[in-house]
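The next block holds one structure in the form of structure tokens; read it before the comments.
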Amino acid sequence: MKNLFDKETKDAILKRIDALQPDAKAQWGKMNVNQGLRHMAMAFDIATGELDPTLSNPPKIPKWLLRFFLLNTAPPKERAETFVEINTVARNINPTDFEAERKNLKSKIEKFVTTATLIPENKLVGKFSKTDWGKLNYNHTDHHLRQFGG
């Protein structure tokens with residue numbers, strides 16, 4: 001699995017974000033592109049500790065198995081659950097400025113890769129290293145960029 005702490009990987013993700021278009025249509029799911037950009041940006045706030053998400057409906061599989069899937073496989077295209085706080089559709093978060101959302105996401109990525117310390121635990125799977133956060137956030141961002149053709 002790729003890792004955002006690898007400069008080439010990070011730069012490739014930033015280029016894909018730059019290539020997104022404001023009229024991009026979702027290939028699956030309910031978010032529009034602006035909601036998707038906000039959702040991706042908010043996910044970085046979890047790793048940095050700026051957002052403490054609520055664990056309301058944890059998956060009913062062992063943590064070690066969920067950890068394996070989170071770090072080593074692509075998320076399912078549909079029906080994937082997310083934390084309530086970053087669910088832009090359910091919370092009716094509808095940003096209108098595409099460029100501002102794109103800029104914010106890129107800024108969150110740059111901050112993420114330069115942050116000295118990330119939270120030591122993932123609420124879903126337990127102990128989490130910096131490398132784990134780099135893999136998870138790559139996987140999540142890649143998934144949503146593909147959702148919008150990026």
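Where a number appears in this text, it was derived from the coordinates with a stated rule and is not lab data. Bear in mind that the values here come from a model prediction, so they are computed numbers and not experimental data. Cβ placement follows ideal geometry from the backbone for every residue including glycine, while neighbour counts extend to all protein chains displayed.
The table below gives the values:
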{"read-out": "Qualifying residue in the stretch 18-38 (condition: in a loop (DSSP other than H, G, I, E, B) and closer than 17 Å to ASP132 by Cβ)", "value": "no"}
{"read-out": "Scan of the stretch 124-141 for residues that are under 18 Å from LEU14 (Cβ atoms) and more than 8 Å from the chain's Cα centre (by Cα), ordered by number", "value": "TRP133, GLY134, LYS135"}
{"read-out": "ASP142 buried (at least 18 other Cβ atoms within 10 Å of the Cβ) and acidic (Asp, Glu)", "value": "yes"}
{"read-out": "Subset of the stretch 120-144 [under 11 Å from THR48 (Cα atoms) and touching a Leu at 6+ places or on another chain (Cβ under 7 Å)]", "value": "LYS130, TRP133"}
{"read-out": "Selected residue [over 12 Å from LEU145 (Cα atoms) and surrounded by fewer than 13 Cβ atoms within 10 Å (Cβ to Cβ)] from PRO53, PRO76", "value": "PRO76"}
{"read-out": "Lone qualifier among THR117, THR96 - being under 17 Å from GLY49 (Cβ atoms), of a type in the set (Ser, Thr, Tyr) and either out of contact with any strand residue (DSSP E or B) (no Cβ under 9 Å at 6 or more places or on another chain) or assigned to a helix (DSSP H, G or I) (or both)", "value": "THR117"}
{"read-out": "Selection count where residues are among the hydrophobic types (A, V, I, L, M, F, W, C) and not in a helix (DSSP H, G or I), scope the stretch 39-75", "value": "4"}
{"read-out": "In the stretch 124-150, residue nearest to PRO75 (Cα to Cα) [restricted to those that are touching a helix residue (DSSP H, G or I) at 6+ places or on another chain (Cβ under 8 Å) and of a type in the set (D, E, K, R)]", "value": "ASP142"}
{"read-out": "Only listed residue being in a helix (DSSP H, G or I), buried (at least 17 other Cβ atoms within 10 Å of the Cβ) and not β-branched (Val, Ile, Thr), chosen from LYS10, LYS15", "value": "LYS10"}
{"read-out": "Which listed residue is in a loop (DSSP other than H, G, I, E, B) and either more than 15 Å from the chain's Cα centre (by Cα) or not aromatic (Phe, Trp, Tyr) (or both), from GLU81, GLU85, GLU101", "value": "GLU81"}
{"read-out": "Residue list for the stretch 115-138, restricted to those being within 20 Å of SER56 (Cα to Cα) and either in contact with a Gly (Cβ under 9 Å, 6 or more places away or on another chain) or of a type in the set (Lys, Arg) (or both)", "value": "ILE119, LYS123, LYS127"}
